[in-house]
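Trainee: One structure, pasted below without further comment.
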Amino acid sequence: MLDLHGYGPSIMRGAILTIELAFLSLLLALVLGLITASAKLSHNVISKGIATFYTTIIRGVPDLVLMLLLFYGGQWALVELSDWAFEVSDGRIDFFIQFNSFVSGVVVIGFIFGAYMAETFRGAFMAVEGGQIEAGKAYGMTGWQVFKRILFPQMMRHALPGIGNNWQVLLKTTALVSVIGLEDMVKLAVEAAKTTYEPFIFFIPVAFIYLSLTAISEWTLKWLKNHYSAGVVEG
């Protein structure tokens, strides 16, 4: 392990935290993306309206602004709610919730990228030929069987390029969590650079870690593409 004037171990711990943050945020984004895409494709006007509002707001506001708004704005809203509950209950209801920086980072990044994943999944769902779904139903498959055996595998083939692009951006967006107090590897590298006045010693290893994660991600996405494209002839 690189010592980096004694800051190496802490920066590596920050790198592990960054990886955990990225993967948990990705999982939340995928779940939100699937739910939102399904809502936008549904015939329910209310669900479709809520999903459209969500994706429009998220895609139209910068990630940093959203992170600050959701973290600090959410904390302020809870304080106001606590004060209101205390007043209307004559002191019988008294609570205070302090946001955890890591959990907040996962929720905020997952919430932001859920909107981007939703558009990726929506386009992928629409790319699957309707005739194959009808054929599955004609064979007596249940709705879940049609989704599992026909819709999901083919949807993933169309969605993987978009998922890969969103993942790459999400991975780099994790660097923004330092603004809400989370000690990821970027924040720790910045603090070390300010102390030693040797920024390149710390920022180059951080950049290399991000590049390594990107390379591993590219290999994984290529494997997934081959897996979901089995039996498909392109061209």
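What follows draws every value from the coordinates through simple rules; no lab data is involved. All of these numbers come straight from a predicted model, not from anything done at the bench. Neighbour counts run over all protein chains shown; Cβ positions are idealised from the backbone, glycine included.
Trainee: Treating the angle as unsigned and between 0 and 90°, give the value, to the nearest 10°, between the Cα long axis of helix 101-127 and the longest Cα principal axis of the chain.
Mentor: 20
Trainee: Rounded to the nearest 10 degrees, what's the angle between the helix 199-228 long axis and the longest principal axis of the chain, both from Cα atoms, 0 to 90?
Mentor: 10
Trainee: Highest mean first, how do 190-200, 36-46 rank when packing is the count of other Cβ atoms within 10 Å averaged over residues?
Mentor: For the peptides 190-200, 36-46, the packing ranking is 36-46, 190-200.
Trainee: Across the Cα atoms of the range 8-228, what radius of gyration and what greatest pairwise Cα-Cα distance (Dmax) are found, in Å?
Mentor: 21.3, 70
Trainee: How high is the FRET efficiency between TRP219 and ILE93 when r is their beta carbon distance and R₀ equals 35 Å, given to the nearest 0.05?
Mentor: It comes to 0.10.
Trainee: Okay, next question. For ALA138 and TYR197 in one chain, what is 0.36 nm times their gap in residues minus the Cα-Cα distance, to one decimal in nm?
Mentor: This chain segment gains 14.3 nm when fully extended.
Trainee: Quick check for you: which residues of the range 160-174 have the amide N under 12 Å from the point 7 Å beyond the Cα of ASP63 toward its beta carbon?
Mentor: Residues 165-174 qualify, since their backbone N sits under 12 Å from the label point.
Trainee: Rounded to the nearest 500, what is the chain's calculated 222 nm mean residue ellipticity when only DSSP H runs of at least 4 contribute -39500 (n - 2.57) each, over all residues?
Mentor: Computed mean residue ellipticity for the chain: -26500 deg cm²/dmol.
Trainee: Fewest Cβ neighbours within 10 Å first, please rank LEU211, LEU4 accordingly.
Mentor: LEU211, LEU4
Trainee: For a protection proxy built on the mean count of beta-carbon atoms within 10 angstrom, sort 111-124, 17-30, 56-69 highest first, please.
Mentor: 111-124, 17-30, 56-69
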